[in-house]
There are 4 protein chains.
Amino acid sequence: VFLATPAETSLERVPQLLAQGTRVIDLSGAFRLKDAGLYARYYGWEHRRAGLLGQAVYGLPELFRRGMENAQLVANPGCYATAVALALAPLLAQGLLDEGALVADAASGVTGAGRKATEEYSFAELADDFRAYRTLRHQHTPEIQQTLAAVEPGKPARPLTFTPHLLPVRRGILATCYARLRRGASAADLTGALDVLARSEPFIQAVPSPDQVSLRAVVGTNRVQLAAAVDETGSDPGRVVIVAALDNLLKGAAGQAVQNLNLMLGLPETLGLEHLQPFAP
Amino acid sequence: VFLATPAETSLERVPQLLAQGTRVIDLSGAFRLKDAGLYARYYGWEHRRAGLLGQAVYGLPELFRRGMENAQLVANPGCYATAVALALAPLLAQGLLDEGALVADAASGVTGAGRKATEEYSFAELADDFRAYRTLRHQHTPEIQQTLAAVEPGKPARPLTFTPHLLPVRRGILATCYARLRRGASAADLTGALDVLARSEPFIQAVPSPDQVSLRAVVGTNRVQLAAAVDETGSDPGRVVIVAALDNLLKGAAGQAVQNLNLMLGLPETLGLEHLQPFAP
Amino acid sequence: VFLATPAETSLERVPQLLAQGTRVIDLSGAFRLKDAGLYARYYGWEHRRAGLLGQAVYGLPELFRRGMENAQLVANPGCYATAVALALAPLLAQGLLDEGALVADAASGVTGAGRKATEEYSFAELADDFRAYRTLRHQHTPEIQQTLAAVEPGKPARPLTFTPHLLPVRRGILATCYARLRRGASAADLTGALDVLARSEPFIQAVPSPDQVSLRAVVGTNRVQLAAAVDETGSDPGRVVIVAALDNLLKGAAGQAVQNLNLMLGLPETLGLEHLQPFAP
Amino acid sequence: VFLATPAETSLERVPQLLAQGTRVIDLSGAFRLKDAGLYARYYGWEHRRAGLLGQAVYGLPELFRRGMENAQLVANPGCYATAVALALAPLLAQGLLDEGALVADAASGVTGAGRKATEEYSFAELADDFRAYRTLRHQHTPEIQQTLAAVEPGKPARPLTFTPHLLPVRRGILATCYARLRRGASAADLTGALDVLARSEPFIQAVPSPDQVSLRAVVGTNRVQLAAAVDETGSDPGRVVIVAALDNLLKGAAGQAVQNLNLMLGLPETLGLEHLQPFAP
């Protein structure tokens, strides 16, 4: 069963479904965090089913594919969390980024907030505007931090600041992430790491420059576009900028859920997803 | 004379006008940087009139008002540079930010690039899209760095990374800036500093939260909206996020030029600018 | 008192205010139609205050300015109705249009529907779309027909078809109207009539070609742009096309209400309205 | 060979290709009109290859499928022409519309004009705007008139007025067409005719009301949506409104070209087109 329900509803339904022996892919945030204590701060309620958090597999196949085949409960990642984690985790895993704080500055189309009958999400309010929201308190922040910590086992979680913005477009997320290059590593190491990843991952596309990553190349597909650049002799030597883009409704939600389903059932991972084409090539 | 010409044209015309005894407000980048050596890197040409760089007053009145009354040549700031400098300089000047690198992640409406008959700026290419451009090499980067250094005299220029993005809207810039709080300073110090500034500056509006800063509150006006927040006990304690918004055609260009004109002529600084209202209140 | 309330609320409040001796400008449709019987068909309810319909002055100053000075109740016109009436009535009044049916095909920005917290008016539903709505049953149809009949006294009301469409923009209405040229009249008569009108009316601007009428020239102002063209030897000789544009929030609502207020109080008609400038010149 | 070239280029290349025995689908207007004399008026040049006009099959399969199998030269219809012809021709062919003039008021996304590096088509000019263009002189007018005449053989061509407008969206055309019901015919006859058509035509979808026809239901597909309504007892009894929508890049251009290719080669008509899905269902 796919649950595309509010977290509060998932909290009720997931245990019932699991008790029946039904495998579940939950698209809400209800089972994404391992640390139950974070729910009060970021979601506004105490987690009543904390026992299930350890059991849930975080459904980001590019990082956690191995656990999926036997998973009873998959917590499908948030759309921002997918973009930022796929921008940073591969480089962290390769040891290419210096220790120190990370910044993820991201912008999402309006459907990232779901389908809402509110004045706030009306055309008249959103058109021609751009703004940050939930600054320093968005619930995807600990989700991203947890994922990044998982690829650097044995180290403390890195400080992370995540700022989401609301774009006047329907679909698509673009995340611009800031880190520092590890001493001894080079720009070629970064782009090489992304190229290697792209060759083995069907839904990751590496492009040479952050300027080439765009919503239009990914909206309508299950693809993530990635690019990294290093400031070598400019205004902040050692600075790394990594940009990621994806469609919040596909790789950031339903497409990723299908990808997870395929893995849970032992089907080809790209089944039903490979023919999706960008709307505006 | 106002020059709203390409930098190459301003390089020719400004010396001629000055030689005639005409005072000039130049909206191009030709005379904004003090260090002539940066032009090759960021503008692509050697500066042939480097002797005038020292004479030009950088026309950001909130920081450099004093020099304007007698200025013969005012270099009107770039739109991004105005937004980022007004976000960061007041807090730097108050000593509220820890030493260390700064990040400015900004997004601009399409008119920020001027009026261009290119496929790249056509509606069909830009609508529904969002992307970074000139990553790690935008010419406003050294301009911002120079302004920030000016408010911390005696210290080395801080490392700065600036990433501009292109928004599918006509007007407006929003900059989300990242710094760290100086040990001993508090969130109240930050918001207090912005409030004090807003009380004395006619075109600066401080709002309580970064989430309240938006293009729609400033487009159509000469106003800059500012807000700052501190991560106190979250995912990156000590992190400061400051958001600024302005209309790239007004406070980021023509409006600021009029503000500078008023100062050059000893007129009330807000003359001709105070009745401007946001398009979408 | 200005009432910008639902028609049902105006029906309650207007009689109370008039009874207190308060003069009212009502922006709803509650008192716009003279024929009470039309309310059931177009508004869905029987008119309980039909006695006031005769007393209300229809607040379209360019056509009915004379009655305004002593009016106790002004029914401020609908936004579509203003655009279509000002496109057609001046030419009808001059006897330049052949008898026969009229068509008004119009498109409005989203604010024409007011501020609504509905899924239907959300950004995600409206962006990138265009559609007709209330085809053959929009409540402004009898309002337009009534106005046009008023400038051809003694003749039966002309058949009129009005089709509104919803544009993915915030503000502005453009109406493209179809009629036939009276035998003996010429294209020069049409454009001459619009030019004469524009010279005497402060808020009417006549432009040479329908292709020059656009939302961007009027949004942000209380202005109506008008142009007419005749098919002389093409695919439908004698066809007249008249295009009108206005800002639905100003000349189509609040601006017109202020214009009416000025007339009711004997003030200069343009007071408070003349400085309004287009947002995107 | 598909030619997606300016008409002037097609005029050169088509005869060369035909002389080589190559079958051609030409997406320009160069061979669409049967009456060579119309080119001077609507295209601005004398037709130098008028001898080929009689040979070209007009590639609107729903009306002219029969000639396609042996066609050497297919003139692929214009995007507006496809929408308007499919709105009106089926009802004319069934004898359901009264004699008399027709009006087609249509709006197109920006890609309808092709890919152009002009200031006129820049984002800054088109966003938030709406306007008519080529009023009473658009080159699709005689193309539509010719198609409609072909389904009423033996009758004179009907007067037709066509007004295109430019929408601030990338893709999609919506045409609102005005006619009169033939005495004795009913609304049910109209909707019945469209339903019958939709059952036999793979790319035509009939919906109950003109209000349900929208860009979003067709963009991304080779589909045409159609609906008709009759004013029975309202402000213009007997008025018929028919609304059609299609994607100007697919059914209005490339999709229709593939449909024609399939017919020319005796392949299933929907080959390569049936899996296309709307972008925003």
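The values are calculated or read from the model by the stated rules, or taken from the named source; none is laboratory data. The shown structure was predicted, so the numbers you read here are calculated from the model rather than taken from an experiment. Positions of Cβ are generated from backbone atoms using ideal geometry, with glycine treated the same way; all protein chains shown enter the neighbour counts. Heavy atoms of the whole protein, side chains included, go into the accessibility calculation; ligands, DNA and RNA do not. Shrake-Rupley method; radii C 1.70, N 1.55, O 1.52, S 1.80 Å.
If you check B:PHE162, B:PHE123, B:PHE130 for being open to solvent by less than 30 Å² (accessible area, probe 1.4 Å), in contact with a helix residue (DSSP H, G or I) (Cβ under 6 Å, 6 or more places away or on another chain), over 25 Å from A:LEU102 (Cβ atoms) and at the interface with another protein chain (Cβ under 9 Å from one of its Cβ atoms), only one passes: B:PHE123. Here A:ARG115 meets each of (1) at the interface with another protein chain (Cβ under 10 Å from one of its Cβ atoms); (2) within 15 Å of the chain's Cα centre (by Cα); (3) not hydroxyl-bearing (Ser, Thr, Tyr) with one exception, condition (2). I'd like to know if segment C:43-51 contains one or more residues that are out of contact with any Cys (no Cβ under 9 Å at 6 or more places or on another chain), of a type in the set (Gly, Ala, Ser), surrounded by 23 or more Cβ atoms within 10 Å (Cβ to Cβ) and over 17 Å from C:LEU148 (Cα atoms). No, every residue in segment C:43-51 fails to be out of contact with any Cys (no Cβ under 9 Å at 6 or more places or on another chain), of a type in the set (Gly, Ala, Ser), surrounded by 23 or more Cβ atoms within 10 Å (Cβ to Cβ) and over 17 Å from C:LEU148 (Cα atoms). Could you tell me whether A:GLN72 is closer than 23 Å to A:TYR39 by Cα, of a type in the set (S, T, N, Q), within 13 Å of chain B (Cβ to nearest Cβ) and open to solvent by 30 Å² or more (accessible area, probe 1.4 Å)? Taking the combined requirement at face value, the residue does not satisfy it. Are any residues in segment A:201-257 among the charged types (D, E, K, R) and either in contact with an Asp or Glu (Cβ under 9 Å, 6 or more places away or on another chain) or assigned to a loop (DSSP other than H, G, I, E, B) (or both), and if so, which ones? Residues satisfying the conditions are A:GLU201, A:ARG216, A:ARG223, A:ASP231, A:GLU232, A:ASP236, A:ARG239, A:ASP247.
Among the conditions (1) over 16 Å from D:GLY172 (Cβ atoms); (2) at pLDDT below 95; (3) aliphatic (A, V, I, L, M), the only one that D:ALA113 does not satisfy is (1).
Here A:VAL219 fulfils each of the conditions (1) hydrophobic (A, V, I, L, M, F, W, C); (2) in contact with a Leu (Cβ under 7 Å, 6 or more places away or on another chain); (3) surrounded by 22 or more Cβ atoms within 10 Å (Cβ to Cβ) apart from (2). Within segment A:143-158, residues that are away from every other protein chain (no Cβ under 13 Å) reach partners that are basic (Lys, Arg) and crowded, with 19+ Cβ neighbours inside 10 Å with beta carbons closer than 8 Å, at six or more positions or on different chains, in the pairs A:GLU152/A:ARG158.
Report, by residue number, each residue of segment C:103-112 that is within 7 Å of another protein chain (Cβ to nearest Cβ), among the aliphatic types (A, V, I, L, M) and within 16 Å of the chain's Cα centre (by Cα).
C:VAL103, C:ALA107
With respect to A:ALA107, is the statement that it is crowded, with 20+ Cβ neighbours inside 10 Å and modelled with pLDDT of 95 or more true?
Details: crowded, with 20+ Cβ neighbours inside 10 Å: yes; modelled with pLDDT of 95 or more: yes.
When the stated conditions are applied, A:ALA107 passes them.
For segment C:258-279, the set of residues classified as part of a helix (DSSP H, G or I) and either within 12 Å of another protein chain (Cβ to nearest Cβ) or open to solvent by less than 30 Å² (accessible area, probe 1.4 Å) (or both) consists of C:GLN259, C:ASN260, C:ASN262, C:LEU263, C:MET264, listed by residue number.
Can you name the residue in segment D:133-142 that is more than 8 Å from chain C (Cβ to nearest Cβ) and open to solvent by less than 30 Å² (accessible area, probe 1.4 Å) and is also nearest to the chain's Cα centre (by Cα) among such residues?
Filtering segment D:133-142 for residues more than 8 Å from chain C (Cβ to nearest Cβ) gives D:138-140.
Among the residues that remain, those that are also open to solvent by less than 30 Å² (accessible area, probe 1.4 Å) are: D:138, D:140.
Values: D:HIS138: 13, D:HIS140: 9 Å.
Among them, the one singled out is D:HIS140.
The requirement of being of a type outside the set (Gly, Ala, Ser), under 25 Å from D:THR22 (Cβ atoms) and in contact with a Phe, Trp or Tyr (Cβ under 8 Å, 6 or more places away or on another chain) is fulfilled somewhere in segment D:77-96, by at least one residue.
Evaluation of C:LYS34 against the conditions (1) open to solvent by 20 Å² or more (accessible area, probe 1.4 Å); (2) closer than 25 Å to C:ALA106 by Cβ; (3) not in a loop (DSSP other than H, G, I, E, B) shows that the sole unmet condition is (3).
Being under 30 Å from B:ARG170 (Cβ atoms), aromatic (Phe, Trp, Tyr) and away from every other protein chain (no Cβ under 12 Å) narrows it down to one of D:TYR80, D:TYR43, so name that one. Break it down stepwise before answering.
Working: D:TYR43 fails: under 30 Å from B:ARG170 (Cβ atoms).
Answer to the check: D:TYR80.
Of all residues in segment C:112-144, count the ones that are at positive phi and charged (D, E, K, R). Full working, then the answer.
Step one: filter segment C:112-144 for residues at positive phi, giving C:114, C:128, C:134, C:136.
Then drop every residue that is not charged (D, E, K, R), which leaves C:128, C:134.
Within segment C:112-144, residues that are at positive phi and charged (D, E, K, R) number 2.
Looking at segment D:171-198, which of the residues that are in a loop (DSSP other than H, G, I, E, B) and within 13 Å of chain C (Cβ to nearest Cβ) is least open to solvent (accessible area, probe 1.4 Å)? Restricting to residues being in a loop (DSSP other than H, G, I, E, B) and within 13 Å of chain C (Cβ to nearest Cβ), the top hit is D:GLY172. Among residues of segment C:199-212 that are more than 14 Å from every other protein chain (Cβ to nearest Cβ) and on the phi > 0 side of the Ramachandran plot, none has a beta-carbon under 7 Å from a residue that is part of a loop (DSSP other than H, G, I, E, B) and surrounded by fewer than 20 Cβ atoms within 10 Å (Cβ to Cβ) at least six positions away or on a different chain. Of the strands (runs of 3 or more DSSP E) contained entirely in segment C:56-170, those carrying at least 2 residues that are more than 22 Å from C:LEU249 (Cβ to Cβ) fall at C:102-108, C:160-166.
Among the residues of segment C:110-119, those identified as surrounded by fewer than 22 Cβ atoms within 10 Å (Cβ to Cβ) and touching a helix residue (DSSP H, G or I) at 6+ places or on another chain (Cβ under 8 Å) are C:ALA113, C:ARG115, C:LYS116, C:ALA117, C:GLU119. Which of the residues belonging to segment C:1-14 are closer than 13 Å to C:HIS47 by Cα and either open to solvent by 20 Å² or more (accessible area, probe 1.4 Å) or modelled with pLDDT under 95 (or both)? Of everything in segment C:1-14, those that are closer than 13 Å to C:HIS47 by Cα and either open to solvent by 20 Å² or more (accessible area, probe 1.4 Å) or modelled with pLDDT under 95 (or both) turn out to be C:GLU8, C:THR9, C:GLU12. Any residue at all in segment B:20-29 that is over 28 Å from B:GLU201 (Cβ atoms), hydrophobic (A, V, I, L, M, F, W, C) and open to solvent by 20 Å² or more (accessible area, probe 1.4 Å)? Within segment B:20-29, none of the residues are over 28 Å from B:GLU201 (Cβ atoms), hydrophobic (A, V, I, L, M, F, W, C) and open to solvent by 20 Å² or more (accessible area, probe 1.4 Å).
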